[in-house]
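Structure first, then comments.
Read the figures in this text as sums done on the coordinates, not as results from a lab. Because the structure is a prediction, the values reported are computed rather than measured.
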C-alpha cells in the first residue's frame, strides 16, 4: 500500500504539519488503520477510498484513536489526489464523519470548505489555570477548550503542564489564541488526550477560531499563524455557517507499507 507524508500549511518541507496519507482501493479494518497511525506516530494519518458515485470517503486516525475532523490531513489528502491520482481535477469532495467537505485547488493554495463551529463562553477554573500556567482572559468551549490570552507573546511563551491538561474534564484539545502583531490572530494547539502534546498546525481548531475572531475583529477575511516550532500560515474566510481555510502543502516522502489485514 502506498504511503505519502505531506507537510500541510507549509511553504517548504519541515514546516507546517506533517500528515500521513493512504489512498486505497478498498477499506482495511479499523484495527489495522489504527495500528498504522500508531506506527507512523504523526498527529494524523488519513485514509481515503474513492466511492462508486465519485466522492472519496475520508477518515482520520491519530495515535490515540479516530477523530471527527482534521484540517491539515484533509489538505494533505487533497494534495496527493490532485498531484498523483487525478491531475485533471481542481476540486475534490470528501464524505466524512463531519459531513461533506471540499477542497479547491487555487494555483499553489489548497482551500478547505469546512463547517463553522460555534463556541460557548465558560468560566475559567483553578484547574485550567494550574494546567496552563497562566491566567487566560476568557475561556470558550466547542469540541475543544479555547483560551483567549492577552498577547501574541503570551501565546508564544505559554508552557502548559500536559499531564494536567489531559485531566481537564472539558474539551478534547486545548487551544490558546490572541490577536496577532503581524497577522490577524495567532494560536497554539495541544492534544495530550490524543497522545499529541503540541500539534504543529491544526485546521479543525480554526473552525471555531475563525468565527470568534471574525466577530471580535470585525473582519471576514483574515490571515492566521499557528506558533508551534514548525509554524504554519492559514488564509481564513468566515462565510456564515461555513469557513474557508487555505494553505500550501509540500511532499516529504513516498513509501510502501507492507501489512496484511
- Helix 71-80: angle to the longest alpha-carbon principal axis of the chain, degrees 0 to 90, nearest 10? 30 degrees
- Note on the structure: the chain, Gaussian network, Cα under 10 Å: of 56, 84, 110, the residue fluctuating most is 84
- GNM flexibility winner over the chain from 205, 75, 194 (Cα, springs under 10 Å): 194
- Item | Prolate/oblate/rounded call for the range 1-135, Cα gyration tensor, a/c under 1.5 rounded | prolate
- In the Gaussian network model of the chain, springs joining C-alpha atoms below 10 Å, which of 175, 183, 236 carries the largest mean-square fluctuation? 183
- Task: Would you compute, for the Cα atoms of the range 120-240, the largest minus smallest coordinate along each principal axis and list the three values in descending order, in whole Å?
- Result: 35, 30, 24
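If you count the DSSP beta bridges with both ends in the range 120-240, what percent of them are antiparallel, to the nearest 5?
Details: 22 of 29 bridges.
The antiparallel proportion sits near 75 percent.
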- Post the alpha-carbon centroid distance, the range 30-84 to the range 230-261, in whole angstrom. 11 Å
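Checking the a/c ratio against 1.5 first, then a/b against b/c, what shape does the Cα gyration tensor give for the chain?
On the way: a/c = 1.87, a/b = 1.44, b/c = 1.30.
Here the chain falls in the prolate category.
Going by a ≥ b ≥ c, the root eigenvalues of the Cα gyration tensor, does the range 24-77 fall in the rounded group (a/c under 1.5), the prolate group (a/b larger than b/c) or the oblate group? Show your work: numbers first, answer last.
Working: a/c = 2.28, a/b = 1.40, b/c = 1.62.
It is oblate, given that a/c is not under 1.5 and a/b is not larger than b/c.
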- Rel. contact order, % - alpha carbon contacts under 8 angstrom, at least six apart, the range 1-99: 25 percent
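Tell me the mean residue ellipticity at 222 nm calculated for the chain from its helices only (DSSP H runs of n ≥ 4, each -39500 (n - 2.57), averaged over every residue, nearest 500). List each step's numbers first, then the result.
Working: 6 runs with 51 residues, N = 261.
That comes out to -5500 deg cm²/dmol.
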